[in-house]
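Beneath this line is the structure, given in structure tokens, with notes to follow.
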């Protein structure tokens with residue numbers, strides 16, 4: 001699976017720990033007000049945000065391919 005990467009700009013964390021996702025990113029990624037997001041930490045280097053709905057879809061795909069993925073992991 002190939003991921004297209006795009007830089008959407010920068011943002012600043014407010015006093016309450018909130019950040020604003022740039023408008024262009026919200027539009028392209030179809031992010032709506034109230035959208036549930038998952039926040040993953042990448043060690044102490046940064047964070048990764050994803051829509052809960054996208055993660056659920058990805059998780060279902062992994063589940064379907066569980067046996068295939070295990071074979072690949074065992075070969076490594």
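For every residue, the table says whether it meets (1) in a strand (DSSP E or B); (2) surrounded by 10 or more Cβ atoms within 10 Å (Cβ to Cβ); (3) in contact with a strand residue (DSSP E or B) (Cβ under 8 Å, 6 or more places away or on another chain); (4) free of Cβ contacts under 8 Å to residues at least 40 places away in the same chain.
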{"residue": "5", "(1), (2), (3), (4)": "no, no, no, yes"}
{"residue": "14", "(1), (2), (3), (4)": "no, no, no, yes"}
{"residue": "20", "(1), (2), (3), (4)": "no, yes, no, yes"}
{"residue": "33", "(1), (2), (3), (4)": "no, no, no, yes"}
{"residue": "39", "(1), (2), (3), (4)": "yes, no, yes, yes"}
{"residue": "49", "(1), (2), (3), (4)": "yes, yes, yes, yes"}
{"residue": "63", "(1), (2), (3), (4)": "no, no, no, yes"}
{"residue": "67", "(1), (2), (3), (4)": "no, no, no, yes"}
Next on the checklist: Condition first: closer than 19 Å to residue 55 by Cα and modelled with pLDDT of 95 or more. Now tell me which residues in region 4-20 satisfy that.
Outcome noted: none
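The values are calculated or read from the model by the stated rules, or taken from the named source; none is laboratory data. Fair warning: this is a prediction, and the values are worked out from it, not measured in the lab. Cβ coordinates were reconstructed from backbone atoms using ideal geometry, including for glycine residues, and neighbour counts include every protein chain displayed.
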